[in-house]
């Protein structure tokens, strides 16, 4: 047996023999932090998720990705691979709709 197997066995025995003591130590270890709470929590807002202004470069890049996905779907011979590319295209279109809705919400 390796050395870490003994560590796992001892930890398991402590958990079974005295769960209150073991989990009180675990709780003390987890919640005993001296860091400020704002370092861990970041509020989600539209500014964190996506840039406010959609530039022409980004729009052209999205159109090129859609065009390439359509070409991959058209040129693929295998049915399973074609289905995979269709799913990728649907995911990308869903992200574009989400981005467009977010942009609309920012400008209203």
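Quick note: the coordinates plus some simple rules give every number you see, no bench work behind them. All values derive from a computational prediction rather than experimental measurement. Glycine also receives a Cβ, built like all others from the backbone with ideal geometry; neighbour counts cover every protein chain displayed.
Efficiency by 1/(1 + (r/R0)^6): what FRET value for residue 78 and residue 104, r their Cβ-Cβ distance, R0 = 41 Å, to the nearest 0.05?
Step by step, r from the Cβ atoms, then E = 0.60.
If you average over every viewing direction, what projected area does the convex hull of the Cα atoms of the stretch 48-107 give, in nm²?
4.4 nm²
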